[in-house]
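Written out below as C-alpha cells is the structure these notes cover.
The values are calculated or read from the model by the stated rules, or taken from the named source; none is laboratory data. None of these values were measured; they are calculated from a predicted model. Here Cβ is always computed from backbone atoms with ideal geometry, including for glycine, and neighbour counts include all displayed protein chains.
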Amino acid sequence: MKYLKFKNSNEQVPIGKLVCVGRNYAAHAKELGNDVPEFPIIFLKTASNIIYSGESVIHPTYSQDLQHEVELVLYIGELVKNANNEQAENAIQGYTLGLDMTLRDLQNEFRKKGDPWTFAKCFDTAAVLTDVVLKKNYQLRGDEKISLSVNGTTKQNTSIKNMLFSPAEIVKYISARMTLEKGDLIFTGTPEGVSRVVVGDKIEAELENIGKISTLVKK
C-alpha cells in the first residue's frame with residue numbers, strides 16, 4: 001500500500017484510485033489530432049504506478065514512445081457522491097503536481113483497434129507526484145502557471161486557466177458516475193507540448209505555488 005505525502009503535515013492517508021481526465025486543454029487535444037470533448041474523458045491509473053519527485057521513471061522495454069504529461073492533481077479529502085458545485089469544491093482538500101507518463105505508441109495502437117488504453121497508462125512509475133499542499137494552506141487561484149522541461153528545454157508552459165473543465169466541474173462530473181473517497185487523486189489533464197523522452201533524459205516540472213518535480217528516465 002502506498003501513502004500520500006503532505007507538505008507541513010505528517011498525516012497518513014493511503015492512496016486510493018487515480019482518476020484521470022483526458023483532453024482538458026483544447027490545444028493538447030488538437031496536437032494529438034483529437035476532437036475537443038463536450039464532456040471530460042475519463043480513464044484510470046493505479047496507486048502502484050506512483051513514485052515521488054526524486055525517484056526515477058523506468059522506461060518500459062515494450063514501448064518506443066514514452067511521453068510526458070504534466071498536470072494539476074486534486075486531492076480528494078472526503079467521500080463524495082452526486083456532488084453539487086459546493087460539495088465538489090469542498091471535497092477538493094489539496095493539490096499536487098503530477099506527471100502522467102504515457103506510452104503513446106501503445107495508446108495509438110489500442111485506439112486503432114478500439115481496445116482500452118490501460119497498458120499505455122498503467123505501468124510501474126507511470127505517475128510521478130509532489131507532496132500534497134492542503135487547501136487550508138493554499139487556495140488555488142485558477143491561473144497558476146504550469147510547465148515542464150526536458151534536459152533544460154521547455155516543452156510545456158501555460159496556465160491552468162486554460163483547462164476546459166474546472167476542478168469543481170470535474171469532481172461533480174466524476175462523482176455522478178462513481179463515488180470518490182478520501183485518498184483518491186484526480187489528474188486534471190495536460191496542456192500542449194507533450195513529447196517523447198528516452199533513457200537518460202531529465203524531466204523537471206513546476207506548478208506555481210504547489211510544487212516541483214525532478215525525475216530521471218532510466219532503464
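Before we move on, is Val133 closer than 23 Å to Gly54 by Cα and in contact with an Asp or Glu (Cβ under 6 Å, 6 or more places away or on another chain)?
Values: closer than 23 Å to Gly54 by Cα: yes; in contact with an Asp or Glu (Cβ under 6 Å, 6 or more places away or on another chain): no.
For Val133, the condition - closer than 23 Å to Gly54 by Cα and in contact with an Asp or Glu (Cβ under 6 Å, 6 or more places away or on another chain) - is not met.
Give me a count of the residues in the range 197-217 that are surrounded by 15 or more Cβ atoms within 10 Å (Cβ to Cβ), charged (D, E, K, R) and part of a strand (DSSP E or B).
Total satisfying the criteria: 2.
Scanning for something more than 24 Å from Glu38 (Cβ to Cβ) and either touching a Gly at 6+ places or on another chain (Cβ under 6 Å) or of a type in the set (Asp, Glu) (or both), does the range 163-180 turn up at least one residue?
No, because not a single residue in the range 163-180 is more than 24 Å from Glu38 (Cβ to Cβ) and either touching a Gly at 6+ places or on another chain (Cβ under 6 Å) or of a type in the set (Asp, Glu) (or both).
Residues of the range 167-193 being farther than 27 Å from Arg104 by Cβ and either under 15 Å from the mean Cα position of the chain (by Cα) or outside any helix (DSSP H, G or I) (or both), which ones?
Val171, Ala176, Thr179, Leu180, Glu181, Lys182, Gly183, listed by residue number.
For the range 66-156, give me every one of the strands (runs of 3 or more DSSP E) that falls completely inside it and has 1 or more residues that are modelled with pLDDT of 95 or more, in contact with a strand residue (DSSP E or B) (Cβ under 7 Å, 6 or more places away or on another chain) and polar (S, T, N, Q).
92-100, 145-150
Specify which of the listed residues (Thr179, Thr188, Thr153) is crowded, with 17+ Cβ neighbours inside 10 Å and farther than 20 Å from Leu103 by Cβ.
Thr188
Mind checking which residues of the range 12-50 are in a loop (DSSP other than H, G, I, E, B) and either at pLDDT below 90 or closer than 20 Å to Ser195 by Cα (or both)? Give the steps one after another, and end with the answer.
Initial filter on the range 12-50 (in a loop (DSSP other than H, G, I, E, B)): 12-13, 15-17, 23-24, 32-40, 46.
Residues satisfying the conditions are Arg23, Asn24, Leu32, Gly33, Asn34, Asp35, Val36, Pro37, Glu38, Phe39, Pro40.
Examine the range 25-38 for a residue that is in contact with a Phe, Trp or Tyr (Cβ under 7 Å, 6 or more places away or on another chain) and either of a type in the set (Lys, Arg) or in contact (Cβ under 8 Å) with a residue 60 or more places away in the chain (or both), and state whether such a residue exists. If you could, list the steps in order and put the result at the bottom.
Of all residues in the range 25-38, those in contact with a Phe, Trp or Tyr (Cβ under 7 Å, 6 or more places away or on another chain) come to none.
No: zero hits.
In the range 1-26, what residues are surrounded by 13 or more Cβ atoms within 10 Å (Cβ to Cβ), hydrophobic (A, V, I, L, M, F, W, C) and more than 18 Å from Met101 (Cβ to Cβ)?
Leu4, Phe6, Val13, Ala26
Only one of (1) on the phi < 0 side of the Ramachandran plot; (2) of a type outside the set (S, T, N, Q); (3) under 17 Å from the mean Cα position of the chain (by Cα) fails for Asp201. Which number is that?
Only one criterion is unmet by Asp201, namely (3).
Hey, could you check the range 69-92 for residues that are crowded, with 16+ Cβ neighbours inside 10 Å and touching a Lys or Arg at 6+ places or on another chain (Cβ under 7 Å) and say which is farthest from Phe187 (Cα to Cα)?
Checking each candidate, the answer is Ala83.
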